[in-house]
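See below for the structure under consideration.
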Amino acid sequence: MEHLTIEQARALINRTLPISAELELFEHWRNCKICRGILKPIVVEKAQEKYEISQSVIFWYPFYVGDLQFRVYFTTKYIVAVGIGKRMIFNTEFVQVGWEEVERFHRGFLDSFVKYFISGSPVIYKDIFPFFTSTFFSKTVLYWTYLIPHGRTVSYGELAEWVGGRRYSRAVGQALARNKLPILIPRHRVIQAGGKPGNFTAGVELKVKLLKLEKKYLAELKMGKNDPGNSQTY
Ligand SMILES: [Zn+2]
C-alpha cells in the first residue's frame, strides 16, 4: 500500500472517511514510520487548537443507557466532556438543560450514543474539544488515541511509540486516565500488551463489553451491512 496523502491524513483526524477506509489505512499507518510522520504535524496542530470557552456557556445534560448514568457537557459548538457513572467529574455543575438543547446543537448525538451501547454502531457527533485537558502533551496523546478506528485496539507501548517513544508509556497512561471524553476519544481501545484490558475509569467490565460490541459491529459490517462512515458532518 502507498503512504498516506495529506488529504487522507486530514480526513482521518476529521473522521470523514467510511469506517472500512479508516480500517484499511490504519493497518498500514500503525506500523509505518513515514505515515506517522505525515500524521504527526496534523495531530500537533489539533493539540494546539485553542477554543475560548469562557465566552460561551457550558451546558450539561444527564441521561441513562440501561443502568449506566451519563452526563454530556457541551457548548453550542463542541462536546467538551462525557461523564460515566455517578462520580462527579466537575465541582461546578454548569447549566443543566433538557435533551432538546443537546439535540439542537449536537443533532443525532444522543440517539447514536444509546445505539452504540446496544449495537456497537459509531457515535455521531459534530465536533469534540478536549477542553478539560490542559497540557499539550496530554492533548497529543488524546488525538493519537482519536485515530484508533472502531473495533481496533492498540497497546500503551504502541501508543507511546506514536507519541514519541516507549519511554512515554507511563505518561501516556496518565493522560488517558484524565480523558474527559470517554467513548468519543476511544481510550477504551488502548489495552495492555498481551491483550489484557488494562484500566478504564468507568470500569474494566465496561471496557471489555465495548470492545466486544465494536468487534461484533465490524463483523456485521464485513458481512455486507452498510458502512455508515463516521457521519460527523451532518
Ligand atoms: Zn506509510
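Which residue is nearest to the ligand (Cβ to nearest atom), if the candidates are limited to region 1-28 and must be more than 18 Å from the chain's Cα centre (by Cα) and buried (at least 17 other Cβ atoms within 10 Å of the Cβ)?
Residue satisfying both the conditions and the ranking: Leu4.
Contact list please: Cβ distance under 7 Å, first residue in region 201-225 and within 11 Å of Phe117 (Cα to Cα), second residue modelled with pLDDT under 90 and surrounded by 12 or more Cβ atoms within 10 Å (Cβ to Cβ), pairs at least six apart or on different chains.
Leu206/Phe200
What tally of residues in region 30-86 results from selecting those that are of a type in the set (A, V, I, L, M, F, W, C) and either part of a strand (DSSP E or B) or farther than 24 Å from Leu12 by Cα (or both)?
16
Conditions first: (1) surrounded by 14 or more Cβ atoms within 10 Å (Cβ to Cβ); (2) closer than 18 Å to Gly164 by Cα; (3) near the ligand (Cβ under 9 Å from one of its atoms); (4) of a type outside the set (Lys, Arg). Ile34 passes all but one, so which condition is the exception?
Failing condition for Ile34: (1).
Of all residues in region 14-57, which are of a type in the set (A, V, I, L, M) and either touching a helix residue (DSSP H, G or I) at 6+ places or on another chain (Cβ under 7 Å) or in contact (Cβ under 8 Å) with a residue 40 or more places away in the chain (or both)?
If the condition is that a residue be of a type in the set (A, V, I, L, M) and either touching a helix residue (DSSP H, G or I) at 6+ places or on another chain (Cβ under 7 Å) or in contact (Cβ under 8 Å) with a residue 40 or more places away in the chain (or both), then Leu17, Ile19, Leu23, Leu25, Ile38, Leu39, Ile42, Val43, Val44, Ala47, Ile53 are the ones that fit.
If you take just the helices (runs of 4 or more DSSP H) that sit entirely in region 94-210, which of them hold at least 1 residues that are under 19 Å from Tyr73 (Cα atoms) and in contact with a Leu (Cβ under 6 Å, 6 or more places away or on another chain)?
99-105
Out of the residues in region 4-20 that are in a helix (DSSP H, G or I) and in contact with a Leu (Cβ under 9 Å, 6 or more places away or on another chain), state the one that is nearest to Asp127 (Cα to Cα).
Ile13
The values are calculated or read from the model by the stated rules, or taken from the named source; none is laboratory data. Small disclaimer: the values here were computed from a predicted structure and weren't measured. Cβ coordinates were reconstructed from backbone atoms using ideal geometry, including for glycine residues, and neighbour counts include every protein chain displayed.
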